[in-house]
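Undergrad: Let me give you the structure first, and then I'll get to my questions.
The values are calculated or read from the model by the stated rules, or taken from the named source; none is laboratory data. Note that the coordinates shown come from a computational prediction; the quantities given were computed from them, not determined experimentally. Here Cβ is always computed from backbone atoms with ideal geometry, including for glycine, and neighbour counts include all displayed protein chains.
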């Protein structure tokens, strides 16, 4: 009986030392959702999503993605990518200006891709789940 009580206390004391993971707080992250609807952008070309000038994903029609990003300012740029669909070569096309987004720990932001004067651009969208 005495050993079982000591063993139980030993197990409980080790559980108190283990840190709990959390997305909130100063060391958390933000979630950025980018959605591509066919009705808003009618091209069948792939659209590349660049975060801080690094290609992070490709979006096809009716596709969306979610990115876990650290808090702070982030630059998001969209560009048509050459693919298997004819007419999607991006040579000679000026890439759209980057969208600057301010992220805070715990944020969940959604943007949809819309046509812009220089190519696809991002616009804020409601989160509807």
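Undergrad: At pLDDT 80 or above, in contact with a strand residue (DSSP E or B) (Cβ under 6 Å, 6 or more places away or on another chain) and surrounded by 14 or more Cβ atoms within 10 Å (Cβ to Cβ) - does that describe any residue in segment 84-92?
TA: No.
Undergrad: From the set of residues in segment 103-124 that are within 19 Å of residue 50 (Cα to Cα) and in a loop (DSSP other than H, G, I, E, B), which is modelled with the highest pLDDT?
TA: Step one: list which residues in segment 103-124 are within 19 Å of residue 50 (Cα to Cα), which gives 103, 108-124.
Then keep just the ones that are in a loop (DSSP other than H, G, I, E, B); that gives 117-118.
On the way: 117: 80, 118: 76.
The qualifying residue modelled with the highest pLDDT is 117.
Undergrad: Assuming residue 39 fulfils every condition listed in (1) modelled with pLDDT of 90 or more; (2) assigned to a loop (DSSP other than H, G, I, E, B) apart from one, which condition is it?
TA: Going through (1) modelled with pLDDT of 90 or more; (2) assigned to a loop (DSSP other than H, G, I, E, B) one by one, residue 39 breaks only (1).
Undergrad: Of the numbered conditions (1) at pLDDT 90 or above; (2) surrounded by 10 or more Cβ atoms within 10 Å (Cβ to Cβ), residue 100 satisfies every one except a single condition; which is it?
TA: Checking residue 100 against (1) at pLDDT 90 or above; (2) surrounded by 10 or more Cβ atoms within 10 Å (Cβ to Cβ), the one that fails is (2).
Undergrad: Still on this structure: Would you pick out the residues in segment 43-83 that are farther than 21 Å from residue 124 by Cα, assigned to a strand (DSSP E or B) and modelled with pLDDT under 90?
TA: 81
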